[in-house]
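A short worksheet on the structure shown next.
The values are calculated or read from the model by the stated rules, or taken from the named source; none is laboratory data. Bear in mind the structure is a predicted one, so any value in this text is a computation, not a measurement. Neighbour counts run over all protein chains shown; Cβ positions are idealised from the backbone, glycine included. Calculation scope for accessible area: heavy atoms of the full protein, side chains included, ligands and nucleic acids excluded. Shrake-Rupley method; radii C 1.70, N 1.55, O 1.52, S 1.80 Å.
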Amino acid sequence: MKIKNVADYLVHTLAEVGVERIYGIVGDSLNGVTEALRAHGGIEWVGLRHEEVAAFAASGESQVTGALAVCAGSCGPGNLHLINGLYDAHRSRTPVLAIAAHIPSAEIGSGYFQETHPEQLFRECSHYCELVSHPDQLPYVFENAIRAAVGQQGVAVIVLPGDIALASIKLKKTSPRASLLPRAPRVLPAEQELEALADLLNNSERVTLFAGRGCAGAHAELIALAEALKSPIVHALGGKEHVEYDNPYDVGMTGFIGYSSGYQAMHSCDTLLMLGTDFPYKQFMPADVNIAQIDIRPENLGRRAQLCLGVVGDIRETLLALAPKLKIRTQSRFLDDAVQHYHKTRQSLDALAQPGKHAVIHPQYLAAVISEKAAADALFTVDVGTPVVWAARYLRMNGKRRLLGSFTHGSMANALPQAIGIQMAAPQRQVVTFSGDGGFSMLMGDIISLKQHDIPVKVVIFNNGVLGFVALEMKVAGFVNTGVDLENPDFARLAQAVGIYGERVEDPKALPAAVERFLAHEGPAVLDVVTAGQELILPPSIHLDQVKGFGLWGLRAVMDGQMKNVIDLAKVNLFER
Ligand SMILES: Cc1ncc(C[n+]2csc(CCOP(=O)(O)OP(=O)(O)O)c2C)c(N)n1
């Protein structure tokens with residue numbers, strides 16, 4: 001390709017770092033870039049129906065490939081629409097480059113048509129965000145952006161006025177790939193830190209491990225640590241896919257959507273070791289135990305609980321170096337009790353995931369059926385709302401499956417857009433969403449993109465006719481439900497109108513066969529499952545101690561002085577079953 005202008009050079013640089021596609025919506029100010037892509041021919045333009053979807057798609061892609069993904073929007077409102085997906089990508093710490101096309105450079109500051117200031121707007125959701133106002137800023141601005149996104153794992157934004165994109169350029173070569181894509185360093189704590197950590201663990205009677213997404217790639221080392229210390233392992237949601245499988249030390253989750261076994265294991269230990277987790281809810285952290293933390297980011301240490309020791313290190317590297325310093329414990333009473341508690345909790349959770357006696361589909365059952373029938377290496381995305389809860393509790397991970405969501409930013413409507421990017425990057429894998437009816441309908445315009453680009457994502461809609469998570473929050477806080485009802489169309493017929501497979505299920509008996517048909521369909525497909533609206537997140541048999549100490553609504557309600565509400569909700573749940 002002949003490099004004539006800034007846009008050509010941008011495309012050439014992106015191809016050099018292995019970018020295969022750009023998600024976005026075209027526009028006048030982007031014409032230079034789209035024309036350069038057309039002329040180059042090596043990078044696909046994936047035109048979508050909403051720029052937020054483009055940013056989420058790039059985020060989904062980069063989270064499964066680990067490589068840089070790219071999205072683009074035209075000037076003003078075009079790139080402004082990227083912002084929520086970019087926040088999600090940045091807070092998920094995944095490398096995404098956004099090209100924010102801009103108004104003509106000579107008009108900046110004149111109150112021009114569509115004028116915004118993207119370099120200010122995207123500052124907070126990026127590591128690097130710069131305006132290109134002269135071709136001589138290249139190659140540095142492009143290269144700096146790529147290195148920032150990849151090296152610091154997050155978003156970089158290039159703000160590019162349409163006229164500058166078309167400006168001539170003399171540069172012909174970019175820096176080689178090795179200099180553009182910095183690899184993560186090996187980060188190992190200093191020897192004295194490792195000694196201090198080993199001392200603390202060796203001198204504790206009951207150690208609980210609390211694992212987050214920073215444990216990715218450290219499954220074997222974590223299990224070895226639990227074996228040496230005879231420790232239960234609790235996980236935060238972000239740790240589920242990396243920690244829960246093939247794990248005899250697993251005692252489940254904690255947090256607002258967690259359950260009692262996870263909570264108790266963290267409160268009945270004498271030392272809690274946090275590993276690669278930035279779990280946000282301080283109120284679930286024990287106050288009167290020793291807490292140590294290992295994290296690759298120093299700023300994460302101690303920001304959720306008071307630590308007796310904070311250690312900077314990569315989890316796998318640190319655990320490998322720590323292992324020879326640990327005394328192997330033989331006494332496993334604490335572990336056994338925690339595991340037994342988990343098995344009981346698990347039984348009560350699994351009892352809820354049955355077809356039930358009435359003609360209503362419980363979302364737990366739907367989640368369990370999908371988990372059973374999906375491919376062994378399926379890639380799941382889950383919408384914020386109760387779909388996250390059902391996925392957290394009923395999706396079985398195995399080290400090959402992945403579970404992605406908007407777990408840090410907490411945005412609705414993430415599942416379908418992220419699935420688009422994931423499926424584009426992994427066309428041979430089965431990609432399944434757990435979509436809320438609220439979340440799906442927020443960005444559902446892009447099922448048209450599934451048809452247009454033949455992206456075979458499988459969309460499961462938990463159609464409960466309500467913004468369910470918020471409805472529950474309102475009940476627990478003692479508010480009358482307001483603004484939560486959803487009047488939905490038949491989403492299966494909507495999908496059919498778009499030209500893709502759509503099936504609606506209302507009868508629990510029909511569900512397993514419908515799920516099989518839906519998953520076996522080769523192209524994009526929507527399964528609209530009418531689920532029970534009033535579903536509790538708390539198991540149905542509530543004991544006073546559970547309500548007092550454990551479980552989302554129990555804990556919250558006690559904090560809010562709303563015990564009566566919890567008991568009322570439990571009655572609703574029992575009655576409905
Ligand atoms: C963009 C955005 N808007 C609003 C919220 C607040 N919120 C969190 S969950 C939720 C309800 C989700 O409803 P739905 O997708 O129908 O799933 P459900 O909880 O009913 O299963 C809302 C409104 C949010 N997290 N993100």
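Defining a contact as two alpha carbons under 8 Å apart and six or more residues distant in sequence, what relative contact order in percent does the stretch 208-306 show?
Numbers: 186 pairs, mean separation 28.0, N = 99.
Rounded, it is 28 percent for the stretch 208-306.
Compute the orientation-averaged projected area for the stretch 398-496 from the convex hull of its Cα atoms and round it to one decimal in nm².
Numbers: hull surface 31.4 nm².
That works out to 7.8 nm².
Charges only on Cβ, +1 for Lys and Arg, -1 for Asp and Glu: so what's the dipole of the chain about the Cα centre, in debye to the nearest 20? It would help to have the intermediate numbers written out before the result.
On the way: 50 positive and 60 negative charges, 182 e Å.
Approximately 880 debye in magnitude.
Given a 1.4 angstrom probe, what's the average accessible area per residue across the stretch 54-102, in square angstrom?
19 Å²
Could you pull out every one of the lysines with an alpha carbon less than 19 Å from that of Lys325, ignoring same-chain neighbours closer than 8 positions?
Lys230
Please compute the modelled spin-label separation between Lys172 and Leu188, points set 7 Å along Cα→Cβ, answer in nm with one decimal.
4.6 nm
At a probe radius of 1.4 Å, what is the per-residue accessible area of Arg504, in Å² to the nearest 10?
Per-residue accessible area (Arg504): approximately 90 Å².
Any idea what log10 I(q)/I(0) is at q = 0.12, 0.22, 0.23, 0.26 Å⁻¹ for the stretch 264-340, Debye with uniform C-alpha scatterers and no solvent?
-0.38, -1.13, -1.18, -1.26
Sequence-distant or interchain residues sharing an amide H contact under 5 Å with Leu131, placed H: which?
Residues meeting the amide H criterion: Val159.
Which ³J(HN,Hα) values, rounded to whole Hz and listed in residue order, are derived for the stretch 3-15 from phi using the Karplus coefficients 6.51, -1.76 and 1.60 in 6.51 cos²θ - 1.76 cosθ + 1.60 with θ = phi - 60°, glycine and proline given as x?
Taking θ as phi minus 60°, the curve returns 8, 9, 9, 4, 5, 4, 5, 4, 4, 4, 5, 5, 5 Hz for the stretch 3-15.
For the stretch 79-192, what is the charge dipole size about the Cα centre, in debye to the nearest 20, if Lys and Arg each add +1 at the Cβ and Asp and Glu each add -1 at the Cβ?
Values: 10 positive and 10 negative charges, 132 e Å.
Result for the stretch 79-192 is approximately 640 debye, rounded to the nearest 20.
What are the aspartates and glutamates whose alpha-carbon lies under 17 Å from the alpha-carbon of Lys2, with same-chain residues fewer than 8 places away excluded?
Reachable aspartates and glutamates: Glu16, Glu35.
Tell me, what HN-Hα J-couplings in whole Hz come from the Karplus equation 6.51 cos²θ - 1.76 cosθ + 1.60 at θ = phi - 60° for each residue of the stretch 322-334, using x for Gly and Pro?
Working through the residues one at a time gives 6, 3, x, 8, 8, 7, 7, 8, 10, 6, 10, 4, 4 Hz.
Farthest toward the dipole's positive end in the chain, which of Ile103, Leu403, Ala156, given Cβ charges of +1 (Lys, Arg) and -1 (Asp, Glu) about the Cα centre?
Working it through, the farthest residue towards the positive pole turns out to be Leu403.
Among Leu82, Ile223, Gln452, flag the residue with its Cα farthest along the positive direction of the charge dipole of the chain, charges on Cβ as +1 for Lys/Arg and -1 for Asp/Glu.
Ile223
Please list, in chain and number order, the residues 5+ apart from Leu404 or on another chain whose amide H is under 5 Å from its amide H, with Hs placed from the backbone.
Phe380, Thr381, Val382
In nm, to one decimal, how far is the modelled label at Ala359 from the one at Asp485, with both set 7 Å along Cα→Cβ?
That separation, rounded to one decimal, is 2.2 nm.
Could you work out [θ]222 nm for the chain from helices alone, using -39500 (n - 2.57) per DSSP H run of at least four and dividing by all its residues? Round to the nearest 500 deg cm²/dmol.
Numbers: 26 runs with 235 residues, N = 577.
Helices in the chain give a 222 nm mean residue ellipticity of -11500 deg cm²/dmol.
Hey, rough spin-label estimate for Ser110 and His521, points 7 angstrom out along Cα→Cβ, what's it come to in nanometres?
In this crude label model, Ser110 to His521 measures out at 5.1 nm.
Using a 1.4 angstrom probe and counting only protein chains, how large is the accessible area of Val431 in Å², to 10?
0 Å²
With every protein chain kept in place and ligands, DNA and RNA left out, what is the accessible area per residue of the stretch 139-221? Probe 1.4 Å, answer in Å².
Working: 4010 Å² over 83 residues.
I get 48 Å² per residue for this part.
If I fit a long axis through the Cα atoms of helix 51-65 and take the longest principal axis of the Cα atoms of the chain, what angle between them do I get, 0 to 90°, rounded to 10?
70 degrees
Return the subset of Lys240/Lys458; Lys240/Lys344; Lys400/Lys458; Lys327/Lys400 for which the Cα-Cα distance in this structure is over 26 Å, preserving the input order. Write down the numbers at each step before the final one.
Numbers: Lys240/Lys458 22 Å; Lys240/Lys344 19 Å; Lys400/Lys458 18 Å; Lys327/Lys400 32 Å.
The answer is Lys327/Lys400.
Can you divide the C-alpha Rg of the stretch 112-264 by 2.2 N^0.38 Å and report the result to two decimal places? All intermediate terms of the calculation are to be shown ahead of the outcome.
Details: Rg = 23.4 Å, N = 153, 2.2 N^0.38 = 14.9 Å.
Taking the Cα Rg and dividing by 2.2 N^0.38 Å, one obtains 1.57.
Using amide H atoms built in the peptide plane, which far-off residues or other-chain residues are under 5 Å from Val46 H to H?
Under 5 Å from the amide H of Val46: Ile22, Tyr23, Gly24.
In µm²/s, what is D for the stretch 61-167 at 25 °C and 0.890 mPa s, where D = kT/(6 pi eta Rh) by Stokes-Einstein and Rh is the Kirkwood radius from Cα pairs?
Numbers: Rh = 13.6 Å.
In µm²/s, the coefficient is 180.
Angle, helix 31-40 long axis vs. longest principal axis of the chain, Cα atoms, 0 to 90°, nearest 10?
Tilt of helix 31-40: around 90 degrees.
Calculate, for Trp45 and Gln534, the FRET efficiency according to 1/(1 + (r/R0)^6) with r their C-beta to C-beta distance and R0 35 Å; round to the nearest 0.05. Walk me through the numbers before you get to the answer.
Details: r = 45 Å, r/R0 = 1.28.
Plugging the Cβ-Cβ distance into 1/(1 + (r/R0)^6) gives 0.20.
Among Ile296, Ala532, Cys129, flag the residue with its Cα farthest along the positive direction of the charge dipole of the chain, charges on Cβ as +1 for Lys/Arg and -1 for Asp/Glu.
Toward the positive end, the furthest listed residue is Ile296.
Once both axes come from the Cα atoms, what is the angle between helix 363-373 and the longest principal axis of the chain, in degrees from 0 to 90, rounded to 10?
Between the helix axis and the principal axis of the chain, the angle is about 70 degrees.
Alpha carbon centre of the stretch 408-485 versus the stretch 363-392: separation in Å?
Answer, in whole Å: 12.
How large is the accessible surface per residue of the stretch 405-530, computed with a 1.4 Å probe and reported in Å² as a whole number?
Working: 4880 Å² over 126 residues.
About 39 Å² of surface per residue is accessible.
Which percent of the accessible heavy-atom area of the chain goes to carbon and sulfur, probe 1.4 angstrom? Mind dumping the intermediate values first?
On the way: 11860 of 22890 Å².
Result for the chain: 52 percent of the exposed heavy-atom area is carbon or sulfur.
Mind ranking Trp390, Trp45 by accessible surface for me, highest first, 1.4 Å probe?
Numbers: Trp390 5, Trp45 60 Å².
The ordering from most to least exposed comes out as Trp45, Trp390.
Taking the alpha-carbon distance from Lys4 and a cut-off under 16 Å, which lysines remain once sequence neighbours fewer than 8 residues away in the same chain are dropped?
The reachable lysines, counting only those whose Cα sits under 16 Å from Lys4, are Lys170, Lys172, Lys173.
Quick check: Cα centre of the stretch 120-156 to Cα centre of the stretch 195-234, how many Å?
First find each Cα centre; the distance between them is then 38 Å.
Where does the Debye-calculated log10 I(q)/I(0) of the chain sit at q = 0.09, 0.10 Å⁻¹, using only Cα point scatterers of equal weight, no solvent?
Here log10 of I(q) over I(0) equals -0.73, -0.89.
Compute the length gained on full extension between Met474 and Glu506: take 0.36 nm times their separation in residues and subtract their Cα-Cα distance, giving the result in nm to one decimal.
Numbers: separation 32, 0.36 × 32 = 11.52 nm, distance 2.69 nm.
Separation in residues times 0.36 nm, less the Cα-Cα distance, equals 8.8 nm.
Residue by residue, what Karplus-based ³J(HN,Hα) values in Hz, rounded to whole numbers, does the stretch 148-163 have, using 6.51, -1.76 and 1.60 with θ = phi - 60° and x for Gly and Pro?
Taking θ as phi minus 60°, the curve returns 5, 5, 6, x, 9, 6, x, 9, 10, 10, 10, 9, 10, x, x, 6 Hz for the stretch 148-163.
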